[in-house]
Structures are given as C-alpha cells and as structure tokens.
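Coordinate-derived values only; no laboratory data. From a predicted model like this one, the values you see are computed outputs, not experimental measurements. All Cβ positions, glycine included, derive from the backbone under ideal geometry; neighbour counts span all protein chains shown.
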Amino acid sequence: MRDALTRLRYRYWPDHLLGEILSKRWTETAIPVIVLILVAFALSRSIDHFLSPSSLADTARQAGEIGFIGLGMALVVIVGGIDLSVGSMFALTDFCALYTLDVLGWPVPAVIAATLICGALLGAVNGVLIGYLRLRAFITTLITLIIYRSAFDLLIQRHSNEIAAAFPDIPSWNFVGGGDLFGIPSVALVYLVIAVFGHIFMTRLRPGWHITAIGGSRRSAYNSGIPVRRTIALCYVASGVLTSLGALFFAARLGTVGGDIGVGLEVIVLTATVLGGITLGGGKGSVAKSLVGVLIVLLITNGLTTLNARGGINRVALATILLAAAMVDIRWQKNRARIISKVYVAPTYHELPPPPPTEIGEGGPFEQNDKLRDVTLIGLGRIEAPEDVILDRNDVLYAGSRHGDIMRFFPPDYERMEVFAHIGGQPLGMAFDRQDNLYVCIGGMGLYRITPDGTVEKATDETNRSLHSVNDDSRLRLADDLDITDDGLIFFSEATVRYEMDEWPIDGLEARGNGRIICYDTNKGTTHTALRGLKFPNGICVASDGQSILFAETFGCSIKRYWFAGPKKGAVEVVMDNLPGYPDNINLASDGNYWLALVGMRSPALDLAWKMPGFRRRMAKRVPVDEWLFPNINTGCVVKFNEQGKILESFWDLKGLNHPMITSMREHRGYLYLGGISNNRIGRYKLAGADPDFVQYDKRWGRRS
C-alpha cells in the first residue's frame with residue numbers, strides 16, 4: 001500500500017514541472033506580467049471606467065513618455081550602473097524644447113534635433129565621469145541631479161513667463177503631443193518602434209551582447225577585448241537621448257515648464273525598472289521587462305490619484321514598492337540557483353524486480369566467469385574514455401577520446417595511433433555508412449559526420465519540439481548511440497532532454513523517463529523524434545528484419561524493440577527485462593545474434609533506493625556526486641542474446657584488471673573489441689568459433705569483405 005501511494009505521488013505530482021518553469025528565463029518576465037494583470041484587475045474593480053478606452057489612451061501617452069526614460073534607465077542598469085539624474089535631465093530637455101519653440105521660434109524639426117542633442121550632452125557628462133573617469137555611478141548621478149535641477153530652476157526663473165505667454169498653433173507639434181494613428185497615440189507608436197529596435201539590439205546584435213557582458217562581469221568583458229569604458233559612456237548618452245525623447249512628447253502635450261517637472265521621476269523610473277525584473281546588479285534585463293514595470297507603476301500611481309490619495313501617499317507607496325522589489329531582486333538573484341536546485345531535481349518511483357542470479361555455482365545464463373581475463377590491451381594509457389569502438393573494412397580501429405578527438409589504430413598490431421579527426425565534444429556511439437562516412441554521436445553537440453578524408457560535418461543538432469513540454473527539447477543534449485538502416489535512416493538515442501552532458505548522473509538519479517529515440521534521414525536531411533518517455537535510452541541496433549531497432553533502457557535494465565516500418569510500425573515490445581546490470585551499447589554478432597554491454601551491475605542498496613524518491617532527492621542535495629549510490633562499474637560484462645531475448649553466452653572480467661568497465665563491444669574478424677568510457681584502454685578478445693570474415697557493416701548490407 002505504501003509503495004502504491006509513493007508511486008502515485010511521484011508519478012502524478014508535477015513537482016518536476018515547477019522546477020522546469022522556475023529555471024526558464026521567461027519566468028522572470030512572466031511574474032511581473034502576472035503582477036500587472038492583478039493590479040489592473042484590482043483597480044478596475046475599485047474604480048469605475050478605469051480601463052475605459054479614453055483612460056487607456058491617456059495611460060498609453062504617459063507610458064510612452066515615461067517608457068522612454070525607463071528604456072534609458074534599463075540600459076544603464078543592465079550595463080552595471082544607475083542614473084539618478086533622469087528627472088533633472090527630463091526637466092532640462094523639456095525646457096530646451098519649449099524655449100527653442102516658443103522663445104526662439106525654431107521650426108519643429110530643429111526643436112526635435114536640439115532637444116535630442118541636449119539630452120545626449122547631459123547624458124555624456126555622466127558617461128565621461130562614470131565610463132572614462134570611473135567614478136561611482138550612484139554618487140556621480142546624484143551630484144548631476146542636483147546640478148541639472150539647479151540649472152533648470154535658474155532658467156525657468158528667467159524664461160518661464162516668455163514660454164507661458166506663447167501659444168503656438170503648429171499642426172506637426174500638436175500631432176507630436178496629442179495626435180494618434182488609428183486611435184493609437186503618436187508617442188505610443190514611436191515607443192513601440194524604438195522598443196522593437198531595442199529588443200533586437202540587445203538580443204541579436206553584438207553591441208547589445210557587449211552591454212550585457214559588461215554588466216555581468218566588467219573585468220571579464222575587459223579581458224575579452226570589449227571596449228568597456230566607451231560602451232558604458234555610450235549607454236549614459238543613450239539614456240540622455242531617450243530621456244529627452246520622453247520630455248519632447250511631454251512638452252508637446254502640456255507645454256509647461258513648472259518648477260515641479262521631473263521631481264521624483266527617478267524614483268518612478270527606478271521602481272518600474274526593478275518591478276519589471278531588471279536586476280540591479282547588472283547583466284540581466286530586457287525591453288519587455290522595462291515596459292511591464294512602467295505599466296505597473298503607472299497603473300498604481302494613476303489609481304491612487306483617482307482615489308484622491310495625496311501626493312505624499314503616492315511617493316510613500318512607490319518608495320515602499322521599490323524597497324520591497326529591491327529586496328526580492330537581491331534575494332532571488334543571490335539564491336536563485338539554490339532555490340531552483342531544490343525543486344528541479346525530481347526523482348520518481350522506480351521499482352525493479354529481483355535480479356537474476358549471477359554468482360558462481362548458481363547456474364543460469366548470467367553465471368559469472370572469468371573469460372575476459374585474457375583480453376589484449378590496445379592503447380593502454382594513450383587514450384581516455386573510448387566509449388565506443390568500431391573498425392572499417394581495412395581493419396583500422398576507431399575510438400573516441402574525452403579530449404574531443406577520434407583516434408585510430410592501425411593493424412595488424414594496433415600499436416601505431418593517430419588523430420583521425422578533432423570534433424571538440426565527447427564522442428560516444430559510432431557507425432559507418434555505405435560511403436565509409438563515420439557518423440558519431442557527440443555529447444552536448446548532436447550527430448556529426450566524418451568523411452573518409454577526416455572532414456568533420458554536422459549532420460543534425462536539433463529535432464522537433466514536443467508541444468506539451470515546458471522544457472525546450474528541440475536541441476540535442478546527450479546524443480548517445482546510433483545505427484544506420486539500409487535506406488539511410490540513422491536512429492540514435494538521446495539519454496536525457498532535461499540535463500546536459502556532464503549532468504547525466506542526475507537524470508539517472510531521477511529515473512523519470514526523460515530520454516528518447518531520434519531518427520535522422522540522410523536522404524532528406526530531416527530529423528524527428530521517433531519515441532519518447534524512455535529511461536536513459538542507450539544502445540541502438542537495427543534488427544535483422546530491417547524494419548525495427550533494438551534499444552537499451554539503461555536504468556530500466558531492459559532491452560526493447562521498436563518497429564519503424566512494416567505492419568507493426570510504431571509498436572514497442574520488451575525483448576529482455578530484469579537484467580542483472582545496466583545495459584549500454586548493442587551490436588550485431590557474426591551469427592546473426594546480438595552483443596550487449598552491461599555498463600554496471602545492480603546492487604541491493606541501489607535497487608532499494610529506486611523505490612525511495614525522497615531519499616534520492618536528499619542524496620542529490622546533500623551528498624557529493626562521487627559519493628552517490630551508483631551501479632558497480634568495477635566488473636565488466638558482455639552478453640550475447642537472440643531476438644527472442646534468450647541469453648546465449650556471457651563474458652565477465654571478475655577481477656576488473658583488464659577491462660573493468662565495458663560500455664561497448666564490436667565483433668570484427670573473429671575478435672571482440674571492447675570500449676569503456678571510464679577506461680584508458682581498448683580490449684581485444686579472441687572469440688572461439690567466430691566467423692573470421694565477418695565485418696559488421698558489410699554483413700549488414702549483404703556484402704562480404
């Protein structure tokens with residue numbers, strides 16, 4: 001009863017979905033959007049006509065004006081700074097626009113140009129002081145706030161009457177301030193254009209990447225060759241230009257230079273920036289976050305104003321919100337990885353039946369022996385992590401190396417070794433096609449092709465994304481083993497869609513079924529997912545009928561068969577289950593049967609842990625990875641089986657001296673070649689009674705070497 005409840009709880013309770021959702025960057029934008037919706041709903045219920053078309057139009061005009069300033073503040077914060085002088089700059093550039101229009105009588109295009117230049121110059125002062133002279137952004141912009149505000153106060157004392165006495169009636173100026181297009185205010189249209197450009201600039205262009213890199217780590221950005229000082233200075237210049245653009249629309253709309261213009265604006269914009277989810281520490285942020293933050297602040301302030309709240313209450317409310325948002329921002333960024341790790345790793349209930357006996361004297365097909373004690377070693381100490389091995393028609397031996405190379409050893413003694421190709425990632429499963437191209441699964445990179453002359457080409461690194469998955473499973477994270485059909489279809493396993501190459505033990509710990517089988521069509525160049533929901537799928541071998549494949553589910557301790565063609569297309573059946581160890585690669589034998597590597601042996605402690613998801617979760621949090629419960633990988637084992645799942649023969653290395661861990665094996669001309677991802681050697685074992693002319697891929701396609 002207890003096991004049944006545990007099974008139901010961990011199968012249907014979506015705690016792993018919560019971890020996946022929190023790990024996504026878009027959640028940092030989704031949360032402010034949810035807050036925006038809740039604020040809008042609450043105010044619409046409290047205030048009549050709060051979301052009426054006319055009210056929304058007014059909000060859009062204000063959002064556009066303040067939104068420009070918010071974009072500038074966001075840019076400065078992302079680069080790792082802050083700008084407290086935006087309110088004073090807003091006031092000065094507002095004065096510049098009205099003075100040049102009303103007093104000097106300049107045409108509207110000249111007014112716009114002068115206002116933007118004024119904003120650029122004011123921002124450049126901050127940029128030079130902070131970017132080039134490396135002064136502290138907080139204290140520098142606080143000082144320029146005071147200086148700019150004082151300059152504005154002096155100017156309006158002298159020219160406010162002249163500006164107030166002017167009543168210009170210029171259609172283009174009126175359109176800037178109050179015009180619309182298809183009911184959308186002009187300021188909102190201009191803001192949308194600049195916002196779209198800003199999004200492309202920050203996410204698709206190199207200068208935007210530089211800004212994010214500087215905010216993330218200024219020293220690292222400098223060491224990478226990024227012009228840090230110039231970039232920071234230009235961000236403040238851009239902030240000044242954007243602030244002046246907001247002031248320009250404000251001036252056209254109201255035409256006033258009152259003494260309180262821009263007062264407290266820096267608090268409003270900074271609150272909007274933090275509420276939108278832009279990190280105060282720099283290095284993270286987006287245009288969408290800036291817009292959402294501005295809308296939240298405007299709805300709150302307009303709502304309080306409509307409810308006849310005093311100005312002091314508005315400022316206290318904004319300050320309180322800013323303080324709370326800053327605390328959440330700091331705590332979340334500091335503890336984000338720790339919080340996510342607590343919910344992301346989500347083991348499930350996994351029950352295995354008692355394993356078949358393997359002890360000497362117990363009998364049975366898996367009875368231990370020491371046949372592999374006579375294995376000859378190839379490349380001892382000269383190759384690392386040869387997960388798979390394969391031989392070509394000329395008897396040249398190929399194996400991967402953890403350094404990202406494909407090594408090859410030359411017959412007859414396999415002493416001479418050279419680098420055949422450098423790929424860069426960890427080579428795993430390998431297979432030759434009819435044209436002697438070597439296809440290789442590269443962990444973290446996908447499926448690659450190496451031509452006979454050693455040229456490396458990418459075959460595929462993505463597949464179709466499943467519509468129901470929160471996790472983006474279109475990218476290939478851990479392509480593992482493969483085989484090729486006569487028609488040029490390459491079936492390969494992907495062990496996990498949740499974790500990266502170096503995180504595979506966590507996926508094994510979960511036993512949740514995060515793996516899949518993928519098919520790449522060499523004729524069409526297309527890739528699609530053939531089978532999902534597998535528990536660490538591994539070895540792949542095309543069956544003798546040419547219409548199905550055999551594949552290993554490592555942590556399911558089983559071999560299954562999947563029909564990709566014929567009358568049983570799409571069907572899956574179990575060939576062998578309840579193996580005494582964890583299956584890895586599968587390959588063809590010369591007599592038409594199959595070889596299977598058992599990468600590790602089961603143990604009572606680990607079998608018990610599979611039924612205790614809570615225990616495995618605590619182990620993942622509190623115990624180093626190298627001290628987790630793992631299969632016994634010190635005893636290597638290879639078995640031969642037929643398509644009915646009958647074990648025909650087994651080979652063991654009990655003492656683990658020659659080949660302690662076996663992840664793959666390949667029969668070739670009477671010998672069995674052994675690979676192991678944790679070994680520094682390749683094994684070669686003479687098979688009694690094997691076909692000395694058997695070359696695996698020639699046999700598959702009906703040709704003899």
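Restricting things to alpha carbons, find the Rg to Rh ratio for the stretch 2-58 using the Kirkwood radius for Rh.
Numbers: Rg = 19.8 Å, Rh = 14.9 Å.
On the Cα set of the stretch 2-58, Rg over Rh gives 1.33.
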note = For residue 217, placing the label point 7 angstrom along Cα-to-beta-carbon and taking the stretch 274-289, residues whose amide nitrogen sits under 13 Å are none
For the stretch 522-536, 3J(HN,Hα) per residue [Karplus equation, 6.51 cos²θ - 1.76 cosθ + 1.60, θ = phi - 60°, Hz, x = Gly/Pro] = 5, 7, 9, x, 10, 10, 8, 7, 8, 8, 10, x, 9, 8, 6
query = Which angle from 0 to 90°, rounded to the nearest 10, does the C-alpha axis of helix 86-98 make with the longest principal axis of the chain?
reply = 50
task = With a bin width of 10 angstrom, please list the P(r) values of the stretch 462-564 as percents of all Cα-Cα pairs, from the 0 bin to the one holding the largest distance.
result = 16, 50, 29, 5
query = What is the calculated FRET efficiency for residue 403 to residue 181, with r their C-beta to C-beta distance and R₀ = 41 Å, to the nearest 0.05?
reply = 0.10
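Less than 13 Å Cβ to Cβ from residue 243, Lys/Arg counted +1 and Asp/Glu -1: what total charge do the surrounding residues give? Numbers along the way, then the final one.
Numbers: positive: none; negative: 65, 83, 94, 266.
Result for the local shell: -4.
Kindly rank 252-263, 632-643, 24-35 from highest to lowest mean number of other beta carbons found within 10 Å of each residue.
Values: 252-263: 18.0, 632-643: 20.7, 24-35: 15.4.
Packing order, densest peptide first, comes out as 632-643, 252-263, 24-35.
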request  = Can you tell me the 0 to 90 degree angle between the C-alpha axis of helix 2-12 and the longest principal axis of the chain, rounded to 10?
outcome  = 50
request  = Measure out, as a whole number of angstrom, how far apart the alpha-carbon centroids of the stretch 415-441 and the stretch 23-75 sit.
outcome  = 55
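Rounded to the nearest angstrom and ordered from largest down, what semi-axes does the equivalent ellipsoid of the stretch 247-362 get from its C-alpha gyration tensor (root of 5λ)? Mind showing how you got there, number by number?
Details: eigenvalues 596, 44, 32 Å².
Ellipsoid semi-axes (Å, largest first): 55, 15, 13.
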task = Would you calculate a helix-derived [θ] at 222 nm for the chain, using -39,500 (n - 2.57) for each DSSP H run of n ≥ 4 and dividing by the full residue count, to the nearest 500?
result = -13500 deg cm²/dmol
Residues whose placed amide H lies under 5 Å from that of residue 180, excluding near-sequence neighbours = 186
task = Round to a whole angstrom and tell me the spacing of the C-alpha centers of the stretch 92-126 and the stretch 231-310.
result = 19
request  = Let me know the shape class of the stretch 128-205, please: from the alpha-carbon gyration tensor, a ≥ b ≥ c as square roots of the eigenvalues, rounded when a/c is under 1.5, otherwise prolate if a/b is greater than b/c, or oblate.
outcome  = oblate
inquiry  = So for each of 9-20, 582-593 I average, over its residues, the number of other beta carbons within 10 Å; can you give me the resulting order with the highest mean first?
reply    = 582-593, 9-20
inquiry  = Can you list residues from other chains, or at least 5 along the same chain, whose modelled amide H is less than 5 Å from the amide H of residue 648?
reply    = 640, 641, 642
remark   = Between (1) 33.8, 110; (2) 26.4, 82; (3) 27.6, 94, the structure-derived Rg and Dmax of the Cα atoms in Å is (1)
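Provide the gained length on full extension for the span residue 147 to residue 373, in nm with one decimal, where the gain is 0.36 nm per separating residue minus the Cα-Cα distance.
On the way: separation 226, 0.36 × 226 = 81.36 nm, distance 8.49 nm.
Extra length available between residue 147 and residue 373 comes to 72.9 nm.
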ask   = Full extension from residue 192 to residue 209: what is 0.36 nm times the residue separation minus their Cα-Cα distance, to one decimal in nm?
value = 4.0 nm
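Shape of the stretch 16-341 from its Cα gyration tensor (a ≥ b ≥ c, root eigenvalues): rounded if a/c is under 1.5, otherwise prolate when a/b > b/c, or oblate? Before the final figure, lay out the partial values.
Values: a/c = 1.77, a/b = 1.24, b/c = 1.43.
The shape class here is oblate.
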task = Kindly express, to the nearest 10 degrees and within the range 0 to 90, the angle between helix 228-254's C-alpha long axis and the longest C-alpha principal axis of the chain.
result = 50
remark   = Residues meeting the amide H criterion for residue 548 (H placed from the backbone, H to H distance under 5 Å, 5 or more places apart or on another chain) are 543, 564
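Apply 1/(1 + (r/R0)^6) to the Cβ-Cβ distance of residue 324 and residue 166, taking R0 = 56 Å, and write down the FRET efficiency to the nearest 0.05. Display every interim value, and only then the final one.
Values: r = 44 Å, r/R0 = 0.79.
Using R0 = 56 Å, I get an efficiency of 0.80.
Using the Cα atoms as the points, what is the convex hull volume per residue of the stretch 357-515 in Å³? Write down the numbers at each step before the final one.
Working: hull volume 27.6 nm³, N = 159.
That works out to 173 Å³ per residue.
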ask   = How far apart, in nm, are two points set 7 Å out from the Cα along the Cα-to-Cβ line at residue 8 and at residue 528?
value = 3.8
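Would you mind classifying the stretch 11-152 by shape? Square roots of the alpha carbon gyration tensor eigenvalues, ordered a ≥ b ≥ c; an a/c under 1.5 is rounded, otherwise it is prolate if a/b is larger than b/c and oblate if not.
Numbers: a/c = 3.01, a/b = 1.49, b/c = 2.01.
It is oblate, given that a/c is not under 1.5 and a/b is not larger than b/c.
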request  = Output ³J(HN,Hα) for the stretch 449-455: one whole-Hz value per residue in order, computed from phi by the Karplus curve 6.51 cos²θ - 1.76 cosθ + 1.60 with θ = phi - 60°, and x for Gly and Pro.
outcome  = 10, 10, 6, x, 8, x, 6
query = Going by average Cβ neighbours within 10 Å, how do the peptides 314-323, 82-91 rank, with the highest at the top?
reply = 82-91, 314-323
request  = Once every Cα of the stretch 370-451 carries one equal point scatterer and solvent is ignored, give the base-10 log of I(q)/I(0) from the Debye formula at q = 0.24 Å⁻¹, two decimals.
outcome  = -1.19
ask   = At a Förster distance of 22 Å, what's the computed FRET efficiency of residue 608 paired with residue 577, Cβ-Cβ distance as r, to 0.05?
value = 0.75
request  = Apply the Karplus parameterisation 6.51 cos²θ - 1.76 cosθ + 1.60, with θ equal to phi minus 60°, to every residue of the stretch 570-583 and state each ³J(HN,Hα) to the nearest whole Hz, in sequence, with x for glycine and proline.
outcome  = x, 7, 10, 9, 7, 8, 9, 10, 6, 6, x, x, 9, x
